[in-house]
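Engineer: Dropping a structure here in structure tokens format, bear with me for questions.
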Amino acid sequence: MIDEEYNKILKQYHKLSGRHILVAETDMPYSDVLKVVALSDKIRKAGNELVGIMRKNYDQLLRTKRYRKLLSLYGNTEGKDKRKMLANQLNEMQKSYDVTWDYCRKSMIPIGKKYGIDAVFALTKAEDVWRGIEKCLYDNGKIIHFSKYGELPCIRAKQINRGIPMSVKNGKLQFKLGKTVFGIQINDRFQQDEVNSVLSYLAEPEITDNKAVNTLIEDACCIDTYRPCYVTLVPKMIRGKYRVYLHLTIEGRAKPKYDKHGNPRHEYGKGMIGADIGTQTVAYTSDTEVGLKNLSERGNSIRTSERKERLLYRAMDRSRRAANPQNYNDDGTVKKGRKTWKHSNHYKKLKAKHSELCRINAVNRQLAINEDANHLRSLGDTFVTEPKNASKLMKRAKETAKNDKGKFNKKKRFGKSIKNRCPSGFQTTVEKKFKVTGGTYIEVPNNYRASQYDHTVDDYIKKKLSDRLYKLQDGTEVQRDWYSSFLLYCYNYKTQDIDKNKCITEFDDCYKKEKALITWIKAHKIKVLNSGIKIA
């Protein structure tokens, strides 16, 4: 094979192959940790300067009537040729107002030199800023934000031989940042297996690359090479001290995990799973099990921590108001305009406690989400659910309306529920889990309407959102979320609609499991949020 052709196929393989990240804590001394934190803060400041430049240019572009008119025409035009012409005009306007990647990259060069940042780190930060601008230009983004004081951006070099180069010494991975040389702490079998796979690739990279290219040509599939792609350093404040974690991006799928007895930690089931993901709960139906539980919950400790989080935030607000009375109106609202804030030592202690509690709660949520995703994967290999709608549910109502009693309806929606329970994050994790492990993830079309269908009369019957327990037309009482998951379980691949025959044949068996589940929930006095299940 010619070298040019070989390199072209190898480059194609790198694009098609999946990637995963190995997370491990570094073994650098605390003095070097503080140097990494200082570098991270410099990157934050440099990024904020670049954000200021790009934000100013974007605001100037958005102020022009011509650009807004072109955007409106582009959105309302269906013809390809006309849309292409309008897109060219929009691109020309972006160039004239310096809202381009090239201008963003070049603007970062003097800023990076000013703060003494390596060119690779500065370029990576410029990419992050431009990604935010792209979201404003082409997606649902409205404004690009500055990084607050205390936030520590990651230090990333998207090349393995620059910025944070990697080498092998005495059979161990070694990394270098400036003059600082450090390694990683390996605490479990999974990390050791990953490191061994990387070391085996580095021992003979040409042979592994040749095997990957040949497999891509002959079998049209990608093998797991475990080639290290690039390194990222992530500084974190944990229990009042800084710690630095290394994220090593590796080509291929992650190694399987095993318990202390050598058995696989996660089993992969076969069969269909229908799941109704709400703002705070998830209901599911599978061939072997039905379930209804709160999202992002590992016991009752999470609910207790969320309450502590709210109480600390209220205490912070009282302290802030007591120290800054000049910044508030008589009715308690914050005054408009530029203000100077003073923070007492008591406020600083409360803020440190609140930040630590928020970090612990975030970690617990992620662990709970991963546990639930692994459990669902053990029940089946085909996951059927409705499209994500968490971002829509977070929006406040625009119109002011009154209820039957003459009182104004609240405009707030499900912001706190979504923040505490992370339904969209759970759905994304499940999607990745099923796709990576060879399963199938399906989102039904919007006209599926699982929450409105009644299989006993083969008709769609609209119900109030407050009706959590309701009776079907034949008198059978069902829990609303579980019944929606059952109808998703009865999904038909061919018609992409509800399989009515499956509903009739499977309902009795699943209904018995649902009644047993509700009895178990009541017996153990488990509070399932917004389920309508009353606990004595």
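We did not get these values from a lab; they are worked out from the coordinates using the rules stated. Treat the numbers as computed from the prediction; the structure is a model and nothing was measured. Cβ placement follows ideal geometry from the backbone for every residue including glycine, while neighbour counts extend to all protein chains displayed.
Engineer: As an exercise, identify the GluC sites (Glu not before Pro) in the stretch 394-475 lying in DSSP coil whose Cβ has no more than 14 other Cβ atoms within 10 Å.
Structural biologist: Listed in order of number, the matching sites are GLU399.
Engineer: Still on this structure, I have one more. Determine, for each peptide in 120-132, 203-215, the mean count of other beta carbons within 10 angstrom over its residues, then list the peptides with the highest first.
Structural biologist: By packing density, highest mean first, the sequence is 120-132, 203-215.
Engineer: Just flag the chymotrypsin sites (Phe, Trp or Tyr not before Pro) in the stretch 1-88 sitting in loop per DSSP whose Cβ has no more than 16 other Cβ atoms within 10 Å.
Structural biologist: Sites meeting the loop and neighbour criteria: none at all.
Engineer: Net charge near GLU127: determine it from the other residues with C-beta under 14 Å of the C-beta of GLU127, scoring Lys and Arg +1 and Asp and Glu -1.
Structural biologist: Once positives and negatives cancel, what remains is +4.
Engineer: How much FRET efficiency would the formula 1/(1 + (r/R0)^6) give for LYS388 and LYS236, where r is the Cβ-Cβ distance and R0 is 30 Å, rounded to 0.05?
Structural biologist: 0.60
Engineer: Place a label point 7 angstrom from the Cα of SER301 along the Cα-to-Cβ direction, then list the residues of the stretch 231-252 whose backbone nitrogen is under 19 Å away.
Structural biologist: Backbone N within reach: 238-240.
Engineer: Right, something else. Which percentage, to the nearest 5, of the DSSP beta bridges contained in the chain is antiparallel?
Structural biologist: 85 percent
Engineer: Also, I was wondering about something else. In nm, to one decimal, how far is the LYS464 label point from the ALA362 one, both placed 7 Å along Cα→Cβ?
Structural biologist: Distance between label points: 4.0 nm.
Engineer: Here is a further query. For a Förster distance of 45 Å, can you work out the FRET efficiency between the beta-carbons of TYR441 and ASN327, rounded to the nearest 0.05?
Structural biologist: Result of the calculation: an efficiency of 0.35.
Engineer: List the GluC sites (Glu not before Pro) within the stretch 267-311 that fall in a DSSP loop (any state other than H, G, I, E or B) and whose Cβ has at most 13 other Cβ atoms within 10 Å.
Structural biologist: The qualifying sites are GLU267.
Engineer: Let me ask something additional. Give the shape of the stretch 37-145 as rounded, prolate or oblate, defined through the alpha-carbon gyration tensor: a ≥ b ≥ c are the square roots of its eigenvalues, a/c under 1.5 means rounded, and otherwise the shape is prolate if a/b is larger than b/c and oblate if not.
Structural biologist: Cα axes put the stretch 37-145 in the prolate bin.
Engineer: What's the local net charge at VAL195, with K and R +1, D and E -1, over the other residues with C-beta under 15 Å away?
Structural biologist: -1
Engineer: Mind scanning LYS432/LYS463; LYS402/LYS515; LYS15/LYS176; LYS348/LYS525; LYS35/LYS255 and naming the pairs with a C-alpha gap bigger than 31 Å?
Structural biologist: Distance filter (> 31 Å) returns LYS432/LYS463; LYS402/LYS515; LYS348/LYS525; LYS35/LYS255.
Engineer: Further question on the same structure: Step through the table entries LYS169/LYS236; LYS84/LYS416; LYS56/LYS392; LYS410/LYS435; LYS8/LYS69; LYS336/LYS392, compare each Cα-Cα distance with 32 Å, and write down the pairs that go over it.
Structural biologist: LYS84/LYS416; LYS410/LYS435; LYS8/LYS69
Engineer: In nm, to one decimal, how far is the modelled label at GLU4 from the one at ASN91, with both set 7 Å along Cα→Cβ?
Structural biologist: That separation, rounded to one decimal, is 2.6 nm.
Engineer: Taking square-rooted eigenvalues a ≥ b ≥ c of the alpha carbon gyration tensor, is the chain rounded, prolate or oblate, where a/c under 1.5 means rounded and, failing that, a/b exceeding b/c means prolate?
Structural biologist: Here the chain falls in the rounded category.
Engineer: Once every DSSP H run of n ≥ 4 in the chain is given -39500 (n - 2.57) and the sum is divided by its residues, what mean residue ellipticity at 222 nm do you get, rounded to the nearest 500 deg cm²/dmol?
Structural biologist: After summing the helix terms and dividing by the residues of the chain, the value is -16500 deg cm²/dmol.
Engineer: Shifting gears a bit: Straight-line reach from LYS342: which lysines fall under 24 Å, measuring Cα to Cα and dropping same-chain residues less than 8 apart?
Structural biologist: Filter leaves LYS45, LYS148, LYS351, LYS353.
Engineer: Taking the simple approach of a point 7 Å from Cα along Cα-to-Cβ for both LEU73 and ILE504, what is their distance in nm?
Structural biologist: Calculated label separation equals 5.7 nm.
Engineer: Just order 363-376, 133-146 by mean Cβ neighbour count inside 10 Å, highest at the front, would you?
Structural biologist: Ranked by mean Cβ neighbours within 10 Å, highest first: 363-376, 133-146.
Engineer: Excluding THR437 itself, calculate the net charge of residues whose Cβ lies under 11 Å from the Cβ of THR437, where each Lys or Arg counts +1 and each Asp or Glu counts -1.
Structural biologist: Net charge in that neighbourhood comes out at +3.
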